[in-house]
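The values are calculated or read from the model by the stated rules, or taken from the named source; none is laboratory data. It should be emphasised that the depicted structure is a prediction, and the values quoted were computed from it without experimental measurement. Surface accessibility is based on the protein's heavy atoms, side chains included, excluding ligands, DNA and RNA. Shrake-Rupley method; radii C 1.70, N 1.55, O 1.52, S 1.80 Å.
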Amino acid sequence: MTHGIAQRPVIGISTYRTTAAWGRFDRRLAVMLPERYPALVRDSGGVAVLLPPDAPEHAPAALARLDGLVIAGGEDVDPLLYHEPAHPRTEADAPERDAWEAALLRAALAGGVPVLGICRGMQLLNVVRGGSLIQHLPDVVHHEGHAGGEGSYGRHAVRALAGTGLGGVLGTESVVVPTSHHQAVDRLGEGLTVCARAEDGTVEAVEDTAGGAFVLGVQWHPEQGEDLRVMQALVGAAAAARAPELQPVG
């Protein structure tokens, strides 16, 4: 530790396994995460650590070494986790990731580690808390405005709700955010509060302020934009929640 210099909080970000090609290697199993996630953590004042899928029972040990946790976006959450049959448009083929990230969330929530769920991460947070998901949002809102084109992100307006923690971060004026999702919160998970909505009423953010720790899920992709405020809120909460022995000595 460098005395007298504020230490950057260490933020773990979940990753996923997939096949990838690089150099002279073709279709090798790799652990992946879009670079803009750790860049957002870095630009917001934190140090990013990538968390590859692991055995769920190792989650508490991983969280013990972190100041904050980000559950990244990705494929659909398995609807078996909220006891529903799969919609024809649901693509849930990562049970290992589901189990690992759910274990990370449970360990973080139990231990008071600040949490930010992004897109899939918000959805999994809701499911871990006993909620359910709309499996194909266009069936409900009758438009495709929450998803970008193939391989790209769309943009739409969201509004944080007055009196919520997120409202204190973003204000309550409408903001335009990068988006790419076809699922959304249906039944709200226990202890969670809706803190932002899209113009069509879709739940765009949830939070839990009752437990004292920072717990926030956003349906959009802050890493694909220039607005640092959501990640800065996580990093700030992670710094504030550090154990006394981790604080720098003046």
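Each Cα pair of the stretch 1-71 feeds into the Kirkwood radius, which the Stokes-Einstein equation turns, at 25 °C and 0.890 mPa s, into a diffusion coefficient of 177 µm²/s.
The largest accessible area among GLU144, GLU204 belongs to the first residue in GLU144, GLU204, and the rest follow in falling order (1.4 Å probe, all chains). Across the accessible surface of the chain, with the other protein chains kept in place and a 1.4 Å probe, carbon and sulfur atoms take up 53 percent. Ligands, DNA and RNA excluded, the heavy atoms of THR193 present near 70 Å² of accessible surface to a 1.4 Å solvent probe.
Here the stretch 92-177 was treated as a single set of alpha-carbon atoms; its pair distances binned every 5 Å from 0 give 3, 11, 14, 20, 20, 19, 11, 2, 0 percent. Considering the chain, its Cα convex hull presents a mean projected area of 14.5 nm². Dimensions of the stretch 114-225 based on its C-alpha atoms, expressed as ranges along the principal axes with the largest first, amount to 39, 29, 22 Å.
Along its first, second and third principal axes, ordered by size, the stretch 12-159 spans 44, 43, 31 Å in Cα coordinates.
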